[in-house]
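Participant: Please read through the structure below; I'll follow up with questions.
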Amino acid sequence: MQSPWQAPTSDTLPASQTVRLASGQTMQVWLPGGSLLVCHAPSARILQAPQWICDQLVEQRSDLGDGQAMGIEHAGWVEITAPQGGEVLCLQPQAPSWPESLLAACKRLLQWRQRAAPAGR
């Protein structure tokens, strides 16, 4: 059983979820970085997870209208408020397929080898 104080693992998160909110309701949802939020409400306020930047705790707030979307920069608990009620669709980032991961690893290896090679070679 997972502790409520730990972030959910990627295998326990659904690929997408719909957050349904009554008028004035607020809900917190844990989302990984790279997630996409799509508003299906007259308006929604999004408060991203706080993060430290140059010794200051910063919280990014965004207002979305019906049909607007936004990306979540970093993982954490995201607070969603719908003053008039509605839905917000939360889409998780897709993991790359194994061929894409292998190709990316090969490219990184080649770049590392080029940097590590002696200047005369």
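The values are calculated or read from the model by the stated rules, or taken from the named source; none is laboratory data. Not measured: the values here are computed from a predicted model. Ideal geometry is used to build each Cβ from the backbone, glycine not excepted, and the neighbour counts take in all protein chains shown. Accessible surface areas use protein heavy atoms only, side chains included; no ligands, DNA or RNA. Shrake-Rupley method; radii C 1.70, N 1.55, O 1.52, S 1.80 Å.
Participant: Taking into account only those residues within the stretch 48-58 that are free of Cβ contacts under 8 Å to residues at least 12 places away in the same chain and not hydrophobic (A, V, I, L, M, F, W, C), which is surrounded by the fewest Cβ atoms within 10 Å (Cβ to Cβ)?
Facilitator: Among those that are free of Cβ contacts under 8 Å to residues at least 12 places away in the same chain and not hydrophobic (A, V, I, L, M, F, W, C), it is 55.
Participant: Considering only the stretch 59-72, state which residues are open to solvent by less than 100 Å² (accessible area, probe 1.4 Å) and at pLDDT 90 or above.
Facilitator: Listed by number, the residues that qualify are 60, 62, 64, 65, 67, 68, 69, 70, 71, 72.
Participant: Need the failing condition index for residue 83 against (1) more than 20 Å from residue 28 (Cα to Cα); (2) in contact (Cβ under 8 Å) with a residue 60 or more places away in the chain, just the number.
Facilitator: (1)
Participant: In the list 73, 87, which residue meets the criterion of being of a type outside the set (Gly, Ala, Ser), part of a strand (DSSP E or B) and under 21 Å from the mean Cα position of the chain (by Cα)?
Facilitator: 87
Participant: Does the stretch 73-90 contain at least one residue that is among the acidic types (Asp, Glu), open to solvent by 100 Å² or more (accessible area, probe 1.4 Å), farther than 24 Å from residue 23 by Cα and modelled with pLDDT of 85 or more?
Facilitator: So far as the stretch 73-90 goes, yes, one or more of its residues are among the acidic types (Asp, Glu), open to solvent by 100 Å² or more (accessible area, probe 1.4 Å), farther than 24 Å from residue 23 by Cα and modelled with pLDDT of 85 or more.
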